[in-house]
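The values are calculated or read from the model by the stated rules, or taken from the named source; none is laboratory data. All values derive from a computational prediction rather than experimental measurement. No Cβ is skipped: glycine too gets one built from the backbone with ideal geometry, and neighbour counts run over all protein chains shown.
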Amino acid sequence: MALSPAIFIGHGNPMNTLQSNRFTQAWREVGSLYAKPRAVLMVSAHWFFGATAVTAMAKPRTIHDFYGFPQALFEFDYPAPGAPDLAEEVAEVVKPHWVGLDRDQWGLDHGAWSVLAHIYPQADVPVVQLSINALKPLAYHLELATKLATLRERGVMIIGSGNVVHNLKRVQWDKPEAAFDWAERFDDAMVAQMQAAPADVLKLAEHADFDAAVPTPDHFIPLLYVAALAAAGEGRASAFAKGYAMGSISMTCYAAGDCAVARNHGAAAVSLPAGVPPEQTNI
């Protein structure tokens, strides 16, 4: 049985929503290469709190959860429908783990809509967002993702949205496309690990550059979902759109299996707004 895609997107700056560059071009290619799914299950770095929940409303709102950006970004709307039936499926397939059904609180945060705006620009694919339980260890997320694997047999595309390397305190304004040596080392090690043995992705928590690359787990955990899904399915995940932004952010993306997305050439990812401390932007 053909599996729906499992994709990890290094989302970077939400201004990528309104721009065309080599990364957003690759995201658009994801939408055109693969058959349109029944729905998308999104795991975004930006719904990170002390419980496991899924959005279960028919019309999720567009959440503008960032600071210091131009007004045009705050006015952006992504009116994709929800999928309450899929939310209930998620809660069922992960048992005995508990997942709450959120019918009126969250919606789609910028980790979700900034990439979906390119993958499905017509907002015509239903979207359910899964929270990241901040109280659970990394291994919990691998286990939960393994239980979600059956959804790929039911026409559900699963997307993780974060950044493998995400250290806002170390960003360098004069390095729009470059990376620190430690960022490149960790990113390259992850590419090799995801290709060879995604089930063992947590071995990289012992990597010498892990603490610099992953000072907080929120942007790293979405990758774990795709690693576990690849391990349960194709046995490997391939990198595409590999690159960096501002020294300490990896934009590298992954697809479970052999990646059909071309490595596009074009403009760099968007820089952060001038005059706003990076750690206050909530990117």
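Name the residues in the stretch 51-71 that are out of contact with any Ser or Thr (no Cβ under 9 Å at 6 or more places or on another chain) and in contact (Cβ under 8 Å) with a residue 24 or more places away in the chain, would you?
So in the stretch 51-71, the residues out of contact with any Ser or Thr (no Cβ under 9 Å at 6 or more places or on another chain) come out as 56-65, 70-71.
Passing the criteria: 56, 57, 58, 60, 61, 62, 63, 64, 65, 70.
Please work out if residue 277 is at pLDDT below 95 and surrounded by fewer than 16 Cβ atoms within 10 Å (Cβ to Cβ). If you could, list the steps in order and put the result at the bottom.
Working: at pLDDT below 95: yes; surrounded by fewer than 16 Cβ atoms within 10 Å (Cβ to Cβ): yes.
Yes: the conditions hold for residue 277.
What residue, among those in the stretch 217-250 that are part of a strand (DSSP E or B) and polar (S, T, N, Q), is surrounded by the most Cβ atoms within 10 Å (Cβ to Cβ)? Before the answer, list the steps.
Residues of the stretch 217-250 part of a strand (DSSP E or B): 237-240, 244-245, 247, 249-250.
Remaining after also requiring polar (S, T, N, Q): 238, 250.
Working: 238: 18, 250: 27.
Within the stretch 217-250, the match that is surrounded by the most Cβ atoms within 10 Å (Cβ to Cβ) is 250.
State whether the residues of the stretch 144-166 include one that is modelled with pLDDT under 95 and in a loop (DSSP other than H, G, I, E, B). Steps first, answer last, please.
Pass one, the stretch 144-166, residues modelled with pLDDT under 95: none.
No; the residues of the stretch 144-166 include none that is modelled with pLDDT under 95 and in a loop (DSSP other than H, G, I, E, B).
Look through 123, 112, 139 and report the one residue that is on the phi > 0 side of the Ramachandran plot and out of contact with any Cys (no Cβ under 8 Å at 6 or more places or on another chain).
On the way: 112 fails: on the phi > 0 side of the Ramachandran plot; 139 fails: on the phi > 0 side of the Ramachandran plot.
The conditions single out 123.
Would you check which residues across the stretch 190-204 are surrounded by fewer than 13 Cβ atoms within 10 Å (Cβ to Cβ) and among the small types (Gly, Ala, Ser) and list them?
Matches in the stretch 190-204: 192, 196.
Select the strands (runs of 3 or more DSSP E) contained entirely in the stretch 1-60, then report the ones holding at least 1 residues which are within 17 Å of the chain's Cα centre (by Cα) and among the polar types (S, T, N, Q). Before you say what the answer is, go through the steps one by one.
On the way: elements: 6-10, 39-49, 53-55.
Correct list: 39-49, 53-55.
Which residue is surrounded by the most Cβ atoms within 10 Å (Cβ to Cβ), if the candidates are limited to the stretch 116-159 and must be farther than 24 Å from residue 104 by Cα and of a type in the set (Asp, Glu)?
Among those residues, the one meeting the criterion is 143.
Would you be able to say whether some residue in the stretch 65-84 is within 18 Å of residue 219 (Cα to Cα) and either at pLDDT 95 or above or more than 17 Å from the chain's Cα centre (by Cα) (or both)?
In the first step, residues of the stretch 65-84 are kept if they are within 18 Å of residue 219 (Cα to Cα); the result is 65-67.
The next check asks that each one be either at pLDDT 95 or above or more than 17 Å from the chain's Cα centre (by Cα) (or both); those that pass are 67.
Checking the stretch 65-84: at least one residue is within 18 Å of residue 219 (Cα to Cα) and either at pLDDT 95 or above or more than 17 Å from the chain's Cα centre (by Cα) (or both).
Can you tell me which residue among 110, 97, 141 is over 25 Å from residue 36 (Cα atoms) and within 16 Å of the chain's Cα centre (by Cα)? Explain how you work it out, then say what you get.
Working: 110 fails: over 25 Å from residue 36 (Cα atoms); 97 fails: within 16 Å of the chain's Cα centre (by Cα).
Matching residue, one of 110, 97, 141: 141.
So which residues in the stretch 80-113 are within 20 Å of residue 142 (Cα to Cα) and either part of a loop (DSSP other than H, G, I, E, B) or out of contact with any strand residue (DSSP E or B) (no Cβ under 9 Å at 6 or more places or on another chain) (or both)?
If the condition is that a residue be within 20 Å of residue 142 (Cα to Cα) and either part of a loop (DSSP other than H, G, I, E, B) or out of contact with any strand residue (DSSP E or B) (no Cβ under 9 Å at 6 or more places or on another chain) (or both), then 92, 93, 94, 95, 96, 97, 98, 99 are the ones that fit.
Hey, among the residues in the stretch 160-181 that are closer than 26 Å to residue 227 by Cβ and among the polar types (S, T, N, Q), which one's surrounded by the fewest Cβ atoms within 10 Å (Cβ to Cβ)?
Selected residue: 167.
If the requirement is being within 25 Å of residue 224 (Cα to Cα), in contact (Cβ under 8 Å) with a residue 60 or more places away in the chain and out of contact with any Pro (no Cβ under 7 Å at 6 or more places or on another chain), which of these qualifies: 109, 102? Can you show your working first?
On the way: 102 fails: in contact (Cβ under 8 Å) with a residue 60 or more places away in the chain.
Testing whether each residue is within 25 Å of residue 224 (Cα to Cα), in contact (Cβ under 8 Å) with a residue 60 or more places away in the chain and out of contact with any Pro (no Cβ under 7 Å at 6 or more places or on another chain) leaves just 109.
Spot the failing condition for residue 77; the list is (1) in contact with a strand residue (DSSP E or B) (Cβ under 6 Å, 6 or more places away or on another chain); (2) of a type outside the set (Val, Ile, Thr); (3) assigned to a strand (DSSP E or B); (4) more than 22 Å from residue 4 (Cβ to Cβ), and only one is missed.
Unmet condition: (3).
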